[in-house]
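Can you read through this structure? Questions will come right after.
The values are calculated or read from the model by the stated rules, or taken from the named source; none is laboratory data. Values in this document were obtained by computation on a predicted structure and should not be read as measured data. Virtual Cβ from ideal backbone geometry, glycine too; neighbours counted across all protein chains shown. To get the accessible areas, we keep the full protein, side chains included, count just its heavy atoms, and leave off ligands, DNA and RNA. Shrake-Rupley method; radii C 1.70, N 1.55, O 1.52, S 1.80 Å.
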Amino acid sequence: MSTFHSLGFGIGTKNAKLEWLEVFYPQPVLAPEASLVDAIQSVLGDATGTIEPNREQWLALAGALENPALEKIAKTCAESVRPAVLTLIAKDSKPESTPEAYLKLHLLSHRLVKPHGVSLEGIFALLPNVAWTNEGAIDLNELSDRQLQARAQNRMLSVESVDKFPKMTDYVVPTGTRIADTARVRLGAYVGEGTTIMHEGFINFNAGTQGKSMVEGRISAGVFVGEGSDLGGSSSTMGTLSGGGNIIISLGEECLLGANAGTGIPLGDKCTIESGLYITAGTKVMLLDDQKNEVKEVKARELAGQSNLLFIRNSVTGRVECRTNKSAVVLNNELHANN
Amino acid sequence: MSTFHSLGFGIGTKNAKLEWLEVFYPQPVLAPEASLVDAIQSVLGDATGTIEPNREQWLALAGALENPALEKIAKTCAESVRPAVLTLIAKDSKPESTPEAYLKLHLLSHRLVKPHGVSLEGIFALLPNVAWTNEGAIDLNELSDRQLQARAQNRMLSVESVDKFPKMTDYVVPTGTRIADTARVRLGAYVGEGTTIMHEGFINFNAGTQGKSMVEGRISAGVFVGEGSDLGGSSSTMGTLSGGGNIIISLGEECLLGANAGTGIPLGDKCTIESGLYITAGTKVMLLDDQKNEVKEVKARELAGQSNLLFIRNSVTGRVECRTNKSAVVLNNELHANN
Amino acid sequence: MSTFHSLGFGIGTKNAKLEWLEVFYPQPVLAPEASLVDAIQSVLGDATGTIEPNREQWLALAGALENPALEKIAKTCAESVRPAVLTLIAKDSKPESTPEAYLKLHLLSHRLVKPHGVSLEGIFALLPNVAWTNEGAIDLNELSDRQLQARAQNRMLSVESVDKFPKMTDYVVPTGTRIADTARVRLGAYVGEGTTIMHEGFINFNAGTQGKSMVEGRISAGVFVGEGSDLGGSSSTMGTLSGGGNIIISLGEECLLGANAGTGIPLGDKCTIESGLYITAGTKVMLLDDQKNEVKEVKARELAGQSNLLFIRNSVTGRVECRTNKSAVVLNNELHANN
């Protein structure tokens, strides 16, 4: 018997050339139990990768399953007007197909794996750029004909996004979340229980929040935010895809990025950047101890990952300062340890 | 005969447990006239709160009404496929039900009351978190089934928002407004006649603009902006719900928040904050008189509510400065008066 | 035989008074060839401006056309449920009607003309303010009736925008682009081949990108961005409609606006503004040469259009500085040349 990294029963969309545009997996499974794998193999043999069972196979599969939710999905796949797929990922290497790429994005948004917890290597090449419309996913080469047709037939064909990633909520709404403008959260985001994403908030794929957070700023690809941390309106975290270099940004617990603030370094726990201040890795910062004595001028990157820091721009001198609740001696030791 | 604070005839949505998810009141009434109350009571007796008349009662009510617009609505309620409701608020205390909460939000967006003009105490608990979709409001517990069903039936079920507040324009578009991206204005916003809200603009509930304004920034919950004031792109007003403490922020008339600017203090009339500058209550500001002489270093909160101020960060010294068109003597007197 | 500036076969929407609300031209034509003009005139005579051919005329036109794509559109116009229009613009003067205004916006978004390449004088007056809904364009005076009706009939009528300009992608998706949230790109935007507009990006009409760009900031009306230039998240370009005065902002090639940065001056090639810094025309800037020696304090407007500049705010002194890879002598000469 084989083991699998993950699997999913999906319903998706193909273009006129019968290439996959996207796949919806209502209930993806991470590390499936032996009984589930056995049931699948009893019907489909030693299959792996992307399979498209026929109606009879889906029904046989439904009959072999113990989990009632999966049984229901398999039955729905059997009768679906749209193409249904069974995707089996043997191990977590780079995804090989559009259905596999979509399955991995689902694992993140269903909170089955955390950001950086699954290989997404080469995913851009596997995700076709799609027109996301009120009539579903449409291949860009087929769009203008569809638009003309819709007009003449008095239907509104609205193109809401043209992107490789769809919006997450058309695939899953994780429990305990509010997402005021869903256009701003991509499939592949990990939205923690208790997170509210306000209208100005944004979460890219392979990024998100551990738990309770108020997100009114931008969580770039690869950025993970700890429990209890808030991002103020229009605050910015530098991504690794563009501009942010190679440092992976993260925020620890109970951090606060003020409105219109930003960070180009990872922050530890209980750090604050005041509203309107942008810290990049190269920003020269005067470090002050718990008595507000000057300790040392450092580049912000030397403070990466440290906790209990408050970054401000002194409004009298214009100097960027970092205050802490620690004494100068402790701070100096920590900076040494960091080098 | 009783008097009422407000009332509305509504059509709404319930979940599978028959709990209200939302209510649409096409024409809410503030301080209804005696004749209207008489007509309602002639049909429904001494009712108050949330009533669900049956078809005959709606038709009888329609027959008793003098106002043709309300009569038409009552007739529509009689024939509606979806649940219809008559909501009567006796006096302006904290709302008691979802339909009452929705009626109060309507009063704001219909410009019948101004921000802070009606009690919204405890409103979050009365507003269920809802999936707002192209098929209407859906209970979050019922969503995943609906999504699977829609897929199999080849329909696109698009979840546009997951929030306690719906977008305003699905309930009312106030006259004389433009709202480029309606996802960014919540029901309960007060959008003044002559206001244009550009794509980056945002207005929360219990907040808004008095009259003509160009809004390309964020008007947080509780913030009210005077006639002729503009908010530049991504500019920020601190809210009272998070981060802004207890000071209620407001802008007077003819203020300008530059692009990417922000304020954590209320501003009087004709104030400007230059692009990119964020003023918080604790920002130390050098006050300059009409001759650009230094008057005094103050915390920004001491300037709260004053008029004719121009806030900049001196680009040579990095110091935050506040210029005014008044002499040093006048300025000092005003600061004293403020303490 | 006449010549024309441009023409289009369109299908549109009228209100109850039979006034045009909007027009969709699937394939607008700039500088039509003689054969196309001949074909049109053989059916419709010396027509110009906005014509509404009847079914027979559309079919005759389809028969006279050589271009198969236009022939197909003409046939679709013949059978369209919605009003079809033939718009002929004789020369590029100010637009005279709603269909002409829409044709010119199409020319921009189809990349047939560049920003500032066609007269849009007085266009605001020709574009009615419209409710853009999932049931198409609706006159604002007809909206509340439609909303009530939809509710009673259990349909969701969603008002996605209330604006004079529709979103571009409902009219055309230019090749080689990604537009993550299409609500943020107006018809009349010029989106270059290879441009990705992320969720925070925005492009107004008569503005856009020459070619490959990553747009996570705001490209205001009139602003054009050169090949290879990127705008970071929430970065801002001042528009000429409000706030930016009379200087038309542009970016040359390979520029970078950092996240939350902004510019009120046009930039040449290879310029960078660091994250969080807003440069306005009046900002005093210390110019530093390739050795980081101070050259001169200038107002930013004196640096307008120059290349190879790096703008930062010195985080130790708070001073805004402009660094370059040129020697002091060269810089001084260039500043002279600029005066």
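Give segment B:158-191 a look and list any residue that's within 19 Å of B:Pro99 (Cα to Cα) and at the interface with chain C (Cβ under 7 Å from one of its Cβ atoms), or say none.
B:Thr169, B:Asp170
Please indicate, with yes or no, whether at least one residue in segment B:320-330 is in a loop (DSSP other than H, G, I, E, B) and at pLDDT 95 or above.
No, segment B:320-330 has no match at all.
Are there any pairs, at least 6 apart or on different chains, whose C-beta atoms fall under 7 Å, with the first in segment B:191-207 and at positive phi and free of Cβ contacts under 8 Å to residues at least 40 places away in the same chain and the second polar (S, T, N, Q) and surrounded by 24 or more Cβ atoms within 10 Å (Cβ to Cβ), and if so, which?
Correct list of pairs: empty, since none qualify.
I'd like to verify a number: residues in segment B:268-291 that are more than 14 Å from every other protein chain (Cβ to nearest Cβ) and open to solvent by 30 Å² or more (accessible area, probe 1.4 Å), how many?
4
Now for a separate question. Please state which one of C:Ser97, C:Ser119, C:Ser80, C:Ser42 is open to solvent by 50 Å² or more (accessible area, probe 1.4 Å) and of a type in the set (Ser, Thr, Tyr).
Numbers: C:Ser97 fails: open to solvent by 50 Å² or more (accessible area, probe 1.4 Å); C:Ser119 fails: open to solvent by 50 Å² or more (accessible area, probe 1.4 Å); C:Ser80 fails: open to solvent by 50 Å² or more (accessible area, probe 1.4 Å).
The conditions single out C:Ser42.
I need a count of the residues in segment B:18-36 that are closer than 25 Å to B:Asn129 by Cβ and either touching a residue at least 12 places away in the same chain (Cβ under 8 Å) or open to solvent by less than 40 Å² (accessible area, probe 1.4 Å) (or both).
9
Looking only at segment A:122-133, which residues are surrounded by fewer than 19 Cβ atoms within 10 Å (Cβ to Cβ) and within 10 Å of chain C (Cβ to nearest Cβ)? Steps first, please.
Pass one, segment A:122-133, residues surrounded by fewer than 19 Cβ atoms within 10 Å (Cβ to Cβ): A:122, A:124-125, A:128-129.
Once the filter is applied, which keeps residues that are surrounded by fewer than 19 Cβ atoms within 10 Å (Cβ to Cβ) and within 10 Å of chain C (Cβ to nearest Cβ), segment A:122-133 yields only A:Asn129.
Looking only at segment C:192-215, which residues are surrounded by 24 or more Cβ atoms within 10 Å (Cβ to Cβ), under 16 Å from the mean Cα position of the chain (by Cα) and of a type outside the set (S, T, N, Q)?
Correct list: C:Ile197, C:Gly201, C:Phe202, C:Ile203, C:Phe205, C:Ala207, C:Gly208, C:Val215.
Here's a follow-up. I'd like the full set of residues that are in a loop (DSSP other than H, G, I, E, B) and touching a His at 6+ places or on another chain (Cβ under 9 Å), limited to segment C:16-25.
If we filter segment C:16-25 for residues that are in a loop (DSSP other than H, G, I, E, B), which is where we start, we get C:16-19, C:25.
Within segment C:16-25, C:Tyr25 is the sole residue that qualifies.
Sticking with this structure for a sec: What is the residue count in segment C:146-157 for residues that are at the interface with another protein chain (Cβ under 7 Å from one of its Cβ atoms), among the hydrophobic types (A, V, I, L, M, F, W, C) and in a helix (DSSP H, G or I)?
2
Going by what's in this entry, would C:Ser250 be described as open to solvent by less than 50 Å² (accessible area, probe 1.4 Å), more than 13 Å from chain B (Cβ to nearest Cβ) and closer than 25 Å to C:Arg218 by Cα?
yes
While we're here: Just one of the numbered conditions (1) in a loop (DSSP other than H, G, I, E, B); (2) open to solvent by less than 10 Å² (accessible area, probe 1.4 Å); (3) within 26 Å of C:Ser220 (Cα to Cα) is not true of B:Ile265; which one?
(3)
Sticking with this one: Residues of segment B:222-240 being within 14 Å of chain A (Cβ to nearest Cβ) and of a type in the set (Asp, Glu), which ones?
Once the filter is applied, which keeps residues that are within 14 Å of chain A (Cβ to nearest Cβ) and of a type in the set (Asp, Glu), segment B:222-240 yields nothing.
Another one. Could you list all residues from segment B:45-62 that are more than 32 Å from the chain's Cα centre (by Cα) and either part of a helix (DSSP H, G or I) or more than 21 Å from B:Ser2 (Cα to Cα) (or both)?
Passing the criteria: B:Asn54, B:Arg55, B:Glu56, B:Gln57, B:Leu59, B:Ala60.
Just name the residue that is most open to solvent (accessible area, probe 1.4 Å) out of those in segment C:292-324 that are basic (Lys, Arg) and under 19 Å from A:Gly318 (Cβ atoms).
Going through segment C:292-324, the residues basic (Lys, Arg) turn out to be C:292, C:296, C:299, C:301, C:313, C:319, C:323.
Restricting the remaining residues to those that are under 19 Å from A:Gly318 (Cβ atoms) gives C:292, C:299, C:313, C:319, C:323.
Working: C:Lys292: 130, C:Lys299: 82, C:Arg313: 37, C:Arg319: 46, C:Arg323: 67 Å².
So the residue we want is C:Lys292.
Could you please tell me which pairs satisfy a Cβ distance under 6 Å, a separation of 6+ or placement on different chains, a first residue in segment B:304-318 that is within 14 Å of B:Gly262 (Cα to Cα) and more than 8 Å from every other protein chain (Cβ to nearest Cβ), and a second residue that is assigned to a strand (DSSP E or B) and open to solvent by less than 30 Å² (accessible area, probe 1.4 Å)?
B:Phe311/B:Ile273; B:Phe311/B:Ile279; B:Phe311/B:Cys322; B:Ile312/B:Glu321
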